[in-house]
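Worksheet for the structure shown next.
The values are calculated or read from the model by the stated rules, or taken from the named source; none is laboratory data. Just so you know, these numbers come straight off a predicted model, no measurement behind them. A quick note on method: Cβ atoms are made from the backbone with ideal geometry, for glycine too, and the neighbour counts reach across all protein chains shown. Keep in mind that these areas ignore ligands, DNA and RNA; they rest on the heavy atoms of the full protein, side chains included. Shrake-Rupley method; radii C 1.70, N 1.55, O 1.52, S 1.80 Å.
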Amino acid sequence: MSHRKRKALIIGAGIAGPVTAILLKRAGFEAAVYEAWSYSTGIGGGLQIAPNGMHVLNEIGLASELTSRGAVCESFDFYSQNGARLGSINRNMQARFGQPAVNMKRAMLNEALVDKAWSSCVEMYFEKRLVRIEDRPDRPVVAHFADGTSAEGEFLIGADGVHSSVRRHVLPDGPSPTDTGLVSFGGFVPRALVKAARARPSLAMTFGQSGFFGYGYCSPELHNGAMCWSTQPAHGIDAAAFRAMDQAALKQHLKRFHAGWHDPVSQLIDALEEIIVTATLDVATLPNWSRGRTLLIGDAAHATSPHAGQGASIALEDAYRLAIALQAEADLGVAFQNFEAERRPRAEKLVALARRNGNSKRQFSRTGAWIRDQIIKLMLPLNVRGQDWIYGYDARDVSSPVQMSGRRDRLAA
């Protein structure tokens, strides 16, 4: 006697969505992904996948490919606005945690994940903007889309990001994402500029009296294989207003804001061909992550600002742990509760950490900036192991976050 496989409707084809679908297929489910936007490549800035996220990419067979197409980050190096070195952290990541931290282009990552989903026989649909979820007893969950079509499944996963449409179904009166008051500008530049600055294969990050600037390699490509970004207090001008400016005006703004900063900041700004502007949002906590047969994961559940470098990595963790929870427990309600109980403490701790880190990128007096820099210089050597709870987490072994040889939760179809 054959049994029909349970089908998951997954909303969002960013990072968490395709990986969740791949892992659910491995666990014996059917999965279909629905993305609001059309399929495209080459969109987005740079990001880093930390060792905890690379473990999940390794599980789906993409770690080696993405490492070769990205750039291993050997450390985080911190500087003051005048170029004085404040210290380094996160050295020897692969030796310590079993995977490296890898800088890469978001577009390259998304393309690789979608291709992997297709090759794993995951149904992928684009230009499917969710407008309504119908969840009635004894009937399939139905997702209704703006083009008049619909899809049916046994349960629905919202992996549709910080501006989640699924979140509005789960929490009709729930909180909106919080604007943290910082605006980010970023883009890609030639590798030669970073090489000329004698930069190591790391992320170089500078704290200014107001704002922050970072850069590093992200790809072997010569023309645009390095990334850089600026984070600034909004000062009453939000990201939407900046996005309305043309590229020349954005570049002029960045040059004024970072005037007098150490080399190669000015040279990197000059080399930017396309500047991407993003608001710095987060979702600190939600009353609940599920309603009926619908569950939120990734940024839909716990969007984090970029100041801890963990948004993509904890979304990857979610994908793996959700597949484990659903394979272990047939009752959807219990599985969703187990998933939330396990993931919420870690996710909310990281959201809070990222928000605190962002506070050091705001406006300071000259004296306040000097004091902040001295505190960073003193604290970095003491914090060598302070972030092991972040990077040492292995989604295959939740019982012992920093031990790489503990029990493994494996998916088996």
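For the stretch 244-284, name all the residues that are in a helix (DSSP H, G or I), open to solvent by less than 10 Å² (accessible area, probe 1.4 Å) and more than 17 Å from residue 196 (Cα to Cα). It would help to see each step written out before you state the result.
First, the residues of the stretch 244-284 that are in a helix (DSSP H, G or I): 247-257, 265-271.
Those still in the list that are open to solvent by less than 10 Å² (accessible area, probe 1.4 Å) too: 250, 254, 265, 268-269.
If the condition is that a residue be in a helix (DSSP H, G or I), open to solvent by less than 10 Å² (accessible area, probe 1.4 Å) and more than 17 Å from residue 196 (Cα to Cα), then 250, 254 are the ones that fit.
With the requirement that a residue be open to solvent by 50 Å² or more (accessible area, probe 1.4 Å) and touching a residue at least 60 places away in the same chain (Cβ under 8 Å), what does the stretch 34-67 give you?
37, 38, 39, 41, 42, 43, listed by residue number.
Considering the stretch 297-310 alone, what residues qualify as being of a type in the set (Ser, Thr, Tyr) and open to solvent by 10 Å² or more (accessible area, probe 1.4 Å)?
Pass one, the stretch 297-310, residues of a type in the set (Ser, Thr, Tyr): 304-305.
Passing the criteria: only 304.
With the checklist (1) within 15 Å of the chain's Cα centre (by Cα); (2) at pLDDT 95 or above in hand, flag the one item residue 44 doesn't pass.
Looking at each condition in turn, residue 44 falls short on (2).
Matching residues to (1) part of a helix (DSSP H, G or I); (2) open to solvent by less than 10 Å² (accessible area, probe 1.4 Å):
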{"site": "295", "(1), (2)": "no, yes"}
{"site": "312", "(1), (2)": "yes, no"}
{"site": "320", "(1), (2)": "yes, yes"}
{"site": "323", "(1), (2)": "yes, yes"}
{"site": "326", "(1), (2)": "yes, yes"}
{"site": "330", "(1), (2)": "no, no"}
{"site": "335", "(1), (2)": "yes, yes"}
{"site": "338", "(1), (2)": "yes, no"}
{"site": "341", "(1), (2)": "yes, no"}
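Filter the stretch 307-351 down to the residues that are out of contact with any helix residue (DSSP H, G or I) (no Cβ under 7 Å at 6 or more places or on another chain) and closer than 19 Å to residue 279 by Cβ and list them by number.
Across the stretch 307-351, the qualifying residue is only 309.
In the stretch 93-123, how many are assigned to a loop (DSSP other than H, G, I, E, B) and not polar (S, T, N, Q)?
Within the stretch 93-123, the first condition is being assigned to a loop (DSSP other than H, G, I, E, B), and the residues that meet it are 98-100, 120-122.
When the remaining residues are screened for being not polar (S, T, N, Q), the result is 98, 100, 121-122.
Result for the stretch 93-123: 4.
Taking into account only those residues within the stretch 167-186 that are of a type outside the set (A, V, I, L, M, F, W, C) and assigned to a helix (DSSP H, G or I), which is surrounded by the most Cβ atoms within 10 Å (Cβ to Cβ)?
By that ranking, first place goes to 167.
Against the definition (small (Gly, Ala, Ser), out of contact with any Cys (no Cβ under 8 Å at 6 or more places or on another chain) and modelled with pLDDT under 95), how does residue 88 come out, yes or no?
yes
With the structure loaded, tell me whether residue 356 is farther than 23 Å from residue 95 by Cα, in a helix (DSSP H, G or I), without any contact (Cβ under 8 Å) to a residue 60 or more places away in the chain and open to solvent by 70 Å² or more (accessible area, probe 1.4 Å) or whether it fails that test.
Considered against the rule, which asks whether it is farther than 23 Å from residue 95 by Cα, in a helix (DSSP H, G or I), without any contact (Cβ under 8 Å) to a residue 60 or more places away in the chain and open to solvent by 70 Å² or more (accessible area, probe 1.4 Å), residue 356 comes out as yes.
Quick grid of which residues meet (1) closer than 30 Å to residue 375 by Cβ; (2) open to solvent by 60 Å² or more (accessible area, probe 1.4 Å); (3) at pLDDT 95 or above; (4) outside any helix (DSSP H, G or I):
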{"residue": "188", "(1), (2), (3), (4)": "no, no, yes, yes"}
{"residue": "199", "(1), (2), (3), (4)": "yes, no, no, yes"}
{"residue": "204", "(1), (2), (3), (4)": "yes, no, yes, yes"}
{"residue": "214", "(1), (2), (3), (4)": "yes, no, yes, yes"}
{"residue": "228", "(1), (2), (3), (4)": "yes, no, yes, yes"}
{"residue": "237", "(1), (2), (3), (4)": "yes, yes, no, yes"}
{"residue": "241", "(1), (2), (3), (4)": "no, no, yes, no"}
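Name the residues in the stretch 7-21 that are open to solvent by 10 Å² or more (accessible area, probe 1.4 Å) and more than 18 Å from the chain's Cα centre (by Cα), would you?
Selection gives 7 alone.
Please give the strands (runs of 3 or more DSSP E) falling wholly within the stretch 9-92 in which 1 or more residues are aliphatic (A, V, I, L, M).
Filter on the stretch 9-92 gives 30-34, 46-49, 71-73, 85-89.
Run residue 90 past the list (1) under 25 Å from residue 350 (Cα atoms); (2) within 22 Å of the chain's Cα centre (by Cα); (3) surrounded by fewer than 18 Cβ atoms within 10 Å (Cβ to Cβ) and report the number of the one that doesn't hold.
Tallying (1) under 25 Å from residue 350 (Cα atoms); (2) within 22 Å of the chain's Cα centre (by Cα); (3) surrounded by fewer than 18 Cβ atoms within 10 Å (Cβ to Cβ), residue 90 fails exactly one: (3).
Are any residues in the stretch 71-104 touching a Leu at 6+ places or on another chain (Cβ under 8 Å), farther than 30 Å from residue 209 by Cβ and of a type outside the set (Val, Ile, Thr), and if so, which ones?
104
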